[in-house]
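Written below as structure tokens is the structure these notes are about.
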């Protein structure tokens, strides 16, 4: 035991604990545990009690963290679940642009509120948002005009949706967008769109097998990208 800058320092091997710790809020707990300053003539006693003190400190760390987390302001009820069904993008004149996780049957108004629009949203747009169930891959763009925000709904870029494993709708995807899909080039994209047009604008996953150049092997590679 040595005196360093007014503090008794107990040292054993690589473990150093200051006497000043005893003056911390842990003092009561240490006293309850029956820990006293050991005799320098009994190093084994010191090792045992030092190890016990370290164990107490390690057990207290999660309790302190949990206490701090519970003191934070509660999350609003409309926050989408992280274990949701996908993501939507909110961009433009909002305080927090970016991607937001959504849960099943999550309304668009909930996510718009999270992004904090930079202006008032019209009553007509709010009515639309309250009636719109989000689909993974949706994108909302808000532009401030005067004191209000003009809302426009669209879809995230295909490249971004592919990166995030969001499936693409075969009935809506354009020929240019199809070229982003691995395994589909310019010629194959043209064939897919041409087949869809002849089929009355409808195209299912199984219909891909009817397109020239798509066999069973290629179909297995492509189906994971579409719905």
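FYI, it's all coordinate maths here, none of it is from the lab. As the structure is a prediction and not an experimental result, all values here were calculated from the model. Note that we place each Cβ from the backbone using ideal geometry, even for glycine, and neighbour counts take in every protein chain shown.
When a/c reaches 1.5 or more, the comparison of a/b and b/c decides; with that in mind, is the stretch 167-225 rounded, prolate or oblate per its Cα gyration tensor? Spell out each step's value before the answer.
Working: a/c = 1.33, a/b = 1.16, b/c = 1.15.
Verdict is rounded for the stretch 167-225.
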Practice task
Compute the distance in nm between two label points, each set 7 Å from the Cα along the Cα-to-Cβ direction, one at residue 128 and one at residue 218.
Solution key: 3.9 nm
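Specify whether the C-alpha gyration tensor of the stretch 86-227 places it in the rounded, prolate or oblate class, a ≥ b ≥ c being the square roots of the eigenvalues: rounded for a/c under 1.5, otherwise prolate if a/b is larger than b/c and oblate if not. Spell out each step's value before the answer.
On the way: a/c = 2.63, a/b = 2.46, b/c = 1.07.
Prolate.
Sort 174, 132 by Cβ crowding within 10 Å, fewest neighbours at the top.
On the way: 174 10, 132 16.
Starting with the residue having the fewest Cβ neighbours, the order is 174, 132.
If neighbour count is taken as other Cβ atoms inside 10 Å, put 204, 136 in order from fewest to most. Walk me through the intermediate numbers first.
Working: 204 14, 136 18.
Fewest-to-most ranking of 204, 136: 204, 136.
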